[in-house]
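Data block below; observations after.
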Amino acid sequence: MNTFALKARYLFPIDSPPIPNGLLTVSGGRIVAVGENVSGGPPRDLGNVAILPGLINAHSHLEFSDLPFPLGQPNMAFTDWLAQVVTWRRQQMAEPEAAELRLRAARRGLDEVTRTSTIAVGEIASPGWAEAAFQTGSLDVTIFLELLGLSPLRVEPLLAAAAAHLTTAAATTKWRAGFAPHAPYSVNPELLARTCPLSRQYQVPVAMHLAESREELELLQSGSGPFVPLLEAFEAWCPDAIPRGSRPLDYLRVLAQAHRALVIHGNYLGPEDITFLAARTARMSVVYCPRTHAYFGHDPYPLPEMLAAGVNVAVGTDSRASSPDLNLWEDLRCVRRTFRGVAPADIVRMGTLCGAAALGLEQIYGSLTPGKAASLTIVPLADDTADDPYELVLESSPNP
């Protein structure tokens, strides 16, 4: 069994304070000691670097990884952008080589996230996703099968697809299963209500885009606004599906019945929503996608309020349809630029231990803790002497 020790200027366990001139002992791919060398030999001194746990990207859509630039323009209306997404996806599906295009995009995305120090990802996969792309590599992937259908006629076929997804996952060790009832504007309430107990029965997570835009809030409240003509144009509108006067909290109450729930985006969660989530941090998390949020020019993200309440907030890159790349570290740096009042330690934790907890992987990843996987991020540091080691590490970038 390969046993060795590493030494670095700083060791960031995440679940305890940074260790200057830190030592980490690894054996058989697992961490066996933090802060000491028990390898029986001299440590490998990595010099002026920081050692952190590998990054956890809690939300991605790798099917868009061939896009060189985000779709649309910055600050455009969310529904206008969504129209471009649906059009692009339908055009891709109509191509004779559609399967090959999907496979290439997925492989490109997997390569990018792996190169940028990500060790686990929560991937939203639409029907017909390129499973072959996920059969190799070391990335720990949870495949959230996208369930789309506002019509009640779509409920049974989509539940059957969810069951088939579980069967496929049971036959492989290359990825984990999850469900993604897409969003309130695209999922019949009955479908969500029946997916969550299925999640609990088979102990798989559920991810749902929620409180993502003001247009969504308007649709829930009054059944009107820009989403109606958009859905009508795509023959996906079902006027009686969403009860008038609905709000994100109604969906949170249903998601709370799942084995584990990830609230994707949450850009417009209010105080009552945040209080609800804070009381359920063991099984409910929010996934903040900083650069996607900035791309649309949304109202300020309620991150300080969520952290103050104790909500588990993870970070995701989202996709190249709304973000320039899939480098989670750059999203963490974006959080630092946007929220100077948020402690750098909290930001790094969001990209590591909070992400692991959101995906239910906190016993494997997220911190440098004896027994956990030795999946590490190595960050070369500047020569300055910042008072806060976390500030120093966020000013730097991991090795590719």
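Residues of segment 345-387 with an amide N closer than 11 Å to a point placed 7 Å from the Cα of Phe4 along the Cα-to-Cβ direction: none.
When the charge dipole of segment 1-130 is built from unit charges on Cβ atoms (+1 for Lys and Arg, -1 for Asp and Glu) and taken about the Cα centre, the candidate among Leu6, Leu62, Ile31 whose Cα reaches farthest toward its positive end is Leu6. Note on Asp250: accessible area is roughly 60 Å² with a 1.4 Å probe, heavy atoms of protein only. Spin-label model, Cys238/Ser138: points 7 Å from Cα along the beta carbon direction are separated by 4.5 nm. In this simple spin-label approximation, Gln73 and Tyr202 carry label points 7 Å from Cα along the Cα→Cβ vector, and these lie 4.4 nm apart.
Heavy-atom accessible area with a 1.4 Å probe sorts Glu218, Glu112, largest first, into Glu218, Glu112. Once the chain from Gln221 to Arg115 is taken as fully extended at 0.36 nm per residue, the excess over their C-alpha distance is 33.9 nm.
Under a 5 Å amide H cut-off, with hydrogens placed 1.01 Å from N, Ile264 pairs with Met208, His209, Leu210, Val287 among residues at least 5 apart or on other chains.
In order along segment 343-350, the Karplus-derived 3J(HN,Hα) couplings, from 6.51 cos²θ - 1.76 cosθ + 1.60 at θ = phi - 60°, round to 4, x, 4, 5, 5, 5, 4, 4 Hz, and Gly and Pro are given as x. Ligands, DNA and RNA aside, His165 has an accessible area near 10 Å² when probed at 1.4 Å. Largest first, the residues Thr168, Thr79 sort by 1.4 Å accessible area into Thr168, Thr79. Only residues of segment 112-131 count here: report those whose backbone N is under 18 Å from the spot 7 Å along Cα→Cβ of Trp88, or say none. Hits in segment 112-131 for Trp88 at 18 Å: 112-113, 123-127, 129-130.
Full-extension gain between Ala309 and Ala170, please, as 0.36 nm times their residue separation minus the C-alpha to C-alpha distance. Don't skip to the end; give the middle numbers.
Details: separation 139, 0.36 × 139 = 50.04 nm, distance 3.71 nm.
Here the segment from Ala309 to Ala170 would lengthen by 46.3 nm.
With every protein chain in place and a 1.4 angstrom probe, the accessible-area ranking of Asp15, Asp45, Asp66, Asp140, largest first, reads Asp45, Asp15, Asp66, Asp140.
Please give the charge dipole size of segment 216-370, origin at the Cα centre, charges +1 on K and R Cβ atoms and -1 on D and E Cβ atoms. Round to the nearest 20 debye. Provide the component values of the computation, followed by the final result.
Values: 13 positive and 16 negative charges, 116 e Å.
Value, rounded to 20: 560 debye.
Using the Cα centre of the chain as origin and beta-carbon charges of +1 (Lys, Arg) and -1 (Asp, Glu), tell me which of Val342, Gly225, His293 is placed farthest towards the positive end of the dipole. Most positive-ward Cα: Val342.
Accessible area of Trp88 (1.4 Å probe, protein heavy atoms only, ligands and nucleic acids ignored): about 40 Å². Here the chain is assigned +1 on the Cβ of each Lys and Arg and -1 on the Cβ of each Asp and Glu. Its dipole about the Cα centre then comes out at about 880 debye. For segment 316-368, the Cβ-based charge dipole about the Cα centre amounts to some 220 debye (Lys, Arg positive; Asp, Glu negative; other atoms uncharged).
The values are calculated or read from the model by the stated rules, or taken from the named source; none is laboratory data. The model shown is predicted, which means the values in this text are computed figures rather than measured ones. Neighbour counts run over all protein chains shown; Cβ positions are idealised from the backbone, glycine included. Surface accessibility is based on the protein's heavy atoms, side chains included, excluding ligands, DNA and RNA. Shrake-Rupley method; radii C 1.70, N 1.55, O 1.52, S 1.80 Å.
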